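Pasting in a structure now, in structure tokens, and then I'll have a few things to ask.
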Amino acid sequence: MNTPSRYKAHRLSDAQRLAWLRLIRSENIGPATFFELLDHAGSAERALDLLPELSRRGGKKSYRLCSLEDAEAELSAHRTRGAELIAFGEDGYPPHLRHIDGPPPVLSVQGGPILAHPKALGIVGARNASLSGRKLAARFAQELGQQEFAIVSGLARGIDGAAHEAALATGTVAVFAGGIDILYPPEHNRLLAAILDSGGTVISEMPLGWKPRGRDFPRRNRLISGISLGVIVIEAAKASGSLHTARYALEQNREIFAVPGSPLDPRSEGANGLIRQGATLVTSAGDVLESLSGRLEPALPLQQRLLEDERAAPLPPSDPDDDLRHKVLSALGPAPVDLDELIRFLGADTRSIHIILLELELAGKIERHRGNKISALL
């Protein structure tokens, strides 16, 4: 799916915010599906009305819709803890995150306004970082912070923690894999308090109370790179999460910086590999600034798009015939295929194919992948 960059900056009404929250918290709906439904239905409220029927047509007998009571409770819990839910396109939403593929429709946010700062850089690396690696992370964070860059990281042990701590005075953003009320690792409770006390920010796309699972950390890494102009990798092992962040950065057209390390240290294998693959070798904040010198323009503006209450109600969704639905399912397998390639192969009406894919996804029969790809769940 293409990034929904046509939305203009606005503020949702209370009713719209609850509808957006209910939609993204409903069963089998991720960011890409959320915006597909919003475009298809014209508003989140109308999309909610369509969900049970769309999922039934996809083959699901019952569908779990997030209730109004649950959404109201989540919104109230945020306000109680001094946090807020910021929707895509609203003031305060990270400016560069708006332009990634499938941005989070709603972010759970607590802290100061640093999140909306257009100059942000990610710093990631090994959890079991060496003393020299921690010192390097702190030096990069401090010096780049003095150049008015917000430092973004994942509040993990090692490199992340060192970067956050060094950027307390200038501004830092901690991205959570679970809810912003679920601290991981728990020993960073003092660091988290210091981030908030200093005007920094913590964010997540997950609801309050959500305990992070293994699959949630790649989603967190995607946010770290999406918020940032570039990502600095310090001491990353060959199969580390930091390399996942670098891959997301590449997909999002972000700069990738890597600090070289000893070939004898396994913690440097990933960063050294990134350099061999074309990442920018950096040893100082000056190297980063020099590389970014042509990319420090203001964040791209959101293009004009009609708000929900300005749009005409869409026509009732047509029910694609069972033959086309069967062809779509037959064309999909466990290996992800490109959506545009699927549409060309089927040679059918594009809107009908999109509706069928929505039906099948809501029914839990297909899965969306990075790079606008889709696979069947067998």
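Whose amide H sits under 5 Å from the amide H of Ala120, counting only residues 5 or more places off or on another chain, with H placed in the peptide plane?
It is Ala150, Leu229, by chain and number.
For the chain, what's the relative contact order in percent, using C-alpha pairs closer than 8 Å and at least 6 residues apart? Let's see the in-between values first.
Details: 732 pairs, mean separation 69.1, N = 378.
Relative contact order, the chain: 18 percent.
Taking all pairs of distinct Cα atoms, average 1/r, flip it, and tell me the Kirkwood hydrodynamic radius of the range 94-168 in Å to one decimal place. Mind dumping the intermediate values first?
Numbers: mean 1/r = 0.0761 Å⁻¹.
By the Kirkwood definition, the hydrodynamic radius is 13.1 Å.
Could you compute the FRET efficiency for Asp39 and Gln277, with r as their C-beta to C-beta distance and R0 at 35 Å, rounded to 0.05?
After rounding, the FRET efficiency stands at 0.45.
For the chain, report the translational diffusion coefficient in µm²/s to the nearest whole number, using Stokes-Einstein at 37 °C, 0.692 mPa s, and a Kirkwood Rh over Cα pairs. Write out the running numbers ahead of the final one.
Details: Rh = 21.7 Å.
It comes out at roughly 152 µm²/s.
At what distance in nm do the modelled label points of Asp265 and Ala348 sit from each other, each positioned 7 Å from its Cα along Cα→Cβ?
About 5.6 nm separates the two model spin labels.
Now for a separate question. How much accessible area per residue does the range 132-233 have, counting only protein heavy atoms and a probe of 1.4 Å, in square angstrom?
36 Å²
So, one more: According to the Kirkwood expression over distinct Cα-Cα pairs, how big is the hydrodynamic radius of the range 134-254, in Å?
Details: mean 1/r = 0.0702 Å⁻¹.
Taking the inverse mean of 1/r over all distinct Cα pairs, the range 134-254 comes out at 14.2 Å.
Quick one: length gained pulling Glu148 to Arg11 fully straight, 0.36 nm per residue minus the C-alpha distance? If you can, show how the numbers build up before the last one.
Values: separation 137, 0.36 × 137 = 49.32 nm, distance 2.72 nm.
Difference between extended and current length: 46.6 nm.
Another question about this same structure. Considering only lysines 8 or more places apart in sequence, or on different chains, count the pairs in the chain whose C-alpha atoms sit under 22 Å apart.
Step by step, the pairs that qualify in the chain add up to 9.
Something else about it: Can you classify the range 1-107 as rounded, prolate or oblate using the Cα gyration tensor, where a ≥ b ≥ c are the square roots of its eigenvalues, rounded means a/c under 1.5, and otherwise it's prolate if a/b beats b/c and oblate if not? Walk me through the intermediate numbers first.
Values: a/c = 2.06, a/b = 1.22, b/c = 1.69.
Oblate, because a/c is 1.5 or more while a/b does not exceed b/c.
Quick one: check the C-alpha center-to-center distance for the range 131-156 versus the range 204-258, whole angstrom.
16 Å
Name the residue, out of His188, His40, His117, whose mean-square fluctuation peaks in a Gaussian network model built on the chain with Cα pairs under 10 Å.
Among His188, His40, His117, the largest GNM mean-square fluctuation belongs to His188.
Provide the per-residue ³J(HN,Hα) series for the range 338-346, in order, calculated from phi with Karplus coefficients 6.51, -1.76, 1.60 and θ = phi - 60°, each as a whole number of Hz, with x at glycine and proline positions.
Taking θ as phi minus 60°, the curve returns 5, 4, 4, 5, 4, 5, 5, 5, 6 Hz for the range 338-346.
Also, I was wondering about something else. Quick one: which residues, 5 or more positions from Met206 or on another chain, have an amide H under 5 Å from its amide H? H modelled 1.01 Å from N in the peptide plane, none for Pro or chain starts.
When sequence neighbours closer than 5 places are left aside, the close amide H contacts are Ser108.
Ok, one more. Test of understanding: in a Gaussian network model of the chain with alpha carbons linked when under 10 Å, which of Asn189, Asn272, Asn128 would top the mean-square fluctuation ranking?
Answer for the Gaussian network model of the chain: Asn189.
Leaving out ligands, DNA and RNA, what percent of the accessible area of the chain is carbon and sulfur, probe 1.4 Å? Don't skip to the end; give the middle numbers.
Numbers: 8610 of 16780 Å².
Ligands and nucleic acids excluded, carbon and sulfur give 51 percent.
For the chain, what does -39500 (n - 2.57) per DSSP helix run (n ≥ 4), summed and divided by total residues, give at 222 nm, in deg cm²/dmol to the nearest 500?
Numbers: 14 runs with 152 residues, N = 378.
The per-residue figure over the chain is -12000 deg cm²/dmol.
The values are calculated or read from the model by the stated rules, or taken from the named source; none is laboratory data. Nothing here was measured: the structure is a model prediction, and the numbers come from that model. Don't worry about glycine lacking a Cβ; one is built from the backbone with ideal geometry, like all the others, and counts go over all protein chains shown. Each accessible area value is taken on the protein alone, full model and side chains, heavy atoms only, with ligands, DNA and RNA left out. Shrake-Rupley method; radii C 1.70, N 1.55, O 1.52, S 1.80 Å.
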